[in-house]
Amino acid sequence: MSNGVKRKSRGAAIWRRFIRNKMAVAGLVIIGVFVGLAAFADVIGDYQTKAIKMNIKERHQAPSVKHYFGTDEFGRDIFIRVVHGTRISLFVGIISVSIALFFGGILGSLAGYYGGRVDTIIMRFLDVLLAIPVILLAITIVASLGTSIINLMIAVGVANIPGFARVTRASVLTVKSNEYIEAARAIGSPNHKILFNHILPNCFAPIMVYATLKVATAIMATAGLSFIGLGVKPPTPEWGSMLASGRDFIRDHMHEVFFPGMMIMLSVLSLNMIGDGLRDALDPRLK
Amino acid sequence: MLRQYIFKRTVMLLPVLLGVTFLVFTIISLTPGDVATMILGQGATAESVAKLRHQLGLDEPLLIQYGRYLAHLFQGDMGISYATQKPVVDEIVGRFPNTLTLAFYSILVSLILSIPIGVISAVKQYSLFDNLGMVFALVGISMPSFWLGLILIILFALNLGWFPSGGADQWQSIVLPAITLGVASTASIARTTRSSMLEVIRQDYIRTAKAKGVGNLQVILKHALKNALIPTLTVIGLEFGELLGGAILTETVFSWPGIGRLMVESIQRKDTPMVLGCIIVFSVAFSVVNLIVDILYALIDPRIKANYQRKGKAA
């Protein structure tokens, strides 16, 4: 019981520090709007008839009251397309980070908790993965598996596993050296119980901060891969692939690249602001 | 002592590189679809497909194929491009300097901007300059380079006509790609410089220097900056790796003839040997840069050197 009360008050303290940070709150508001757009995308404009169906008569129109962000080379409303794109980007970002979090978390906790040979084997393997830049690893996987949304999530997810493993390992190592872990071991708690009940809950904070920042880079990587033709293919309204098709018309119709890029930047920016805010709120000493 | 350290680190790099080539080779080999059929076209007879498969060594186990690739790699042979029928190495050697040039100028751009921003932000903490600088850094980190590149093309190439929008035929061609690629690293180097500078200027020896009557500017440049730059150096190394990755996108935006663009084109053409070659060159470059950073780190930070010397004596 007393444990519950303590945790609640600690959470409240973190929340108070977080809410005082103007940047973090701004990030939360922006991402809230994005989540709202993703949730109500079909209400804002129907996917099949507004975001996909071509309307050649209205192609390349500048932003207006009728089409807030103008239209593209097939006369499709760019505002409705970027709104539907929000769904794809948030979805791919969250799923790929979950993949990385799951596998990286397992590898990192095993390496950190058991140490010794387990640690050496896992870390040598991760050293190899870490020797390849994330985006390059993602490109390699997509190039091999072929381009589709699912392969994209796998690629971005797998490419981020080493990072998550490293962060998890580092925090497991820190928590492991606490006296209460020694106490748990002394009273004969089994390994899995110590790891899952005592160590991992206390690693939550740094991993959460890392995950928030990584959703941002995953969204950026997804858009980047689609931009070079290795991600989501047209006519799916993904931001990066919209940028790629708008690129051919930048001379006369710059709105076709401006708005999709703006969406990428705002979503990445807001997640970065939240991540920074969380980090400062969870550990005020770091500021 | 230091020579030993350098030797040890270099030797440690070899298994990693071996692992990288094996991993990349395996992933690329998993590509569905038969290469021989693809080269000969759908109309080819089963016989000729089998013959080509045998010629390319595709009918052998993966490990044997990898062993052969590695043996050739050590002799500087990365195979023949499916698309051009020319040696992969020749193409990569021709293009790699362009990627290095781009990465070099990008890091130059970001150093010129980021270190002054980081230092001034730290010295004038919470001032307007600091706030603006850090907002700029946050936006810079969040800016997709391929989008920034397009915006710069619209502004400076199409509207103002100051710089070309692509290619690499004149010296002005490097300006926009270098800025595009350099912005993200500018932001993170500025942030690191600021926070390590903040830590250093609060330390006792800085107060001592000031108390002795050393001028403000001299304290910052001579006493504080030297120590504050140690973490910055690590970030520069990490950023250089990011730059190599980012070059893939930037080269595509600006039609810059480096290996990033070569790789993207080769993936689209399903030119497996070329893709493999590009990825391996990228990863080796990335690892070598990290090695150089580690060595520089030991050279600059006397604590690391001392630590190593102690260990060396103990052994």
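In table form, for the structure just shown:
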quantity	calculated
Helix B:225-254 vs. chain B, principal-axis angle (Cα, 0 to 90°, nearest 10)	30 degrees
Most mobile listed residue (B:Ile27, B:Ile117, B:Ile280) in chain B, GNM with C-alpha springs under 10 Å	B:Ile27
Number of partner chain Cβ atoms within 10 Å, mean per residue of B:158-164	1
Computed over chain B: relative contact order in percent, which uses C-alpha pairs under 8 Å that are six or more apart	24 percent
5 angstrom amide H check on B:Ile80, placed H, neighbours 5+ away	B:Val88
Average Cα contact separation per residue, chain A, under 8 Å, 6 or more apart, as relative contact order %	25 percent
Taking A:Leu152, A:Leu230 and counting other C-beta atoms within 10 Å, the order from fewest to most	A:Leu230, A:Leu152
Shielding by partners - mean other protein chain Cβ count within 10 Å, residues of B:250-262	1
Between 0 and 90°, nearest 10: helix B:46-56 axis offset from chain B longest Cα axis	40 degrees
FRET efficiency estimate (nearest 0.05) - Cβ-Cβ, B:Val139 to A:Glu58, R0 45 angstrom	0.85
Inter-part distance where the range B:13-84 and the range A:186-244 are each reduced to a Cα centre, Å	33 Å
Shielding by partners - mean other protein chain Cβ count within 10 Å, residues of A:139-148	6
For chain A, built as a Gaussian network whose Cα springs stay under 10 Å, the top-fluctuating residue of A:Gly104, A:Gly11, A:Gly85	A:Gly11
Listed residues A:Phe259, A:Phe79, A:Phe249, most fluctuating in chain A (Gaussian network, C-alpha, under 10 Å)	A:Phe249
Sorted peptide list for A:16-29, B:45-58, criterion being average Cβ within 10 angstrom, highest first	A:16-29, B:45-58
Contour excess over end-to-end distance, with Cα ends at B:Leu63 and B:Gln172 and 0.36 nm allotted per residue	34.5 nm
Between 0 and 90°, nearest 10: helix A:78-114 axis offset from chain A longest Cα axis	20 degrees
Entries of B:Lys8/B:Lys210; A:Lys22/B:Lys212; A:Lys22/A:Lys214; A:Lys176/A:Lys214; A:Lys50/A:Lys214 with Cα pairs more than 30 Å apart	B:Lys8/B:Lys210; A:Lys22/B:Lys212; A:Lys50/A:Lys214
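All of the numbers you see were taken from the coordinates with simple rules; none came from a lab. Predicted model only: the values in this text are computed from it and were never measured. Note that each Cβ is placed from the backbone with ideal geometry, even for glycine, and that neighbours are counted across all protein chains shown.
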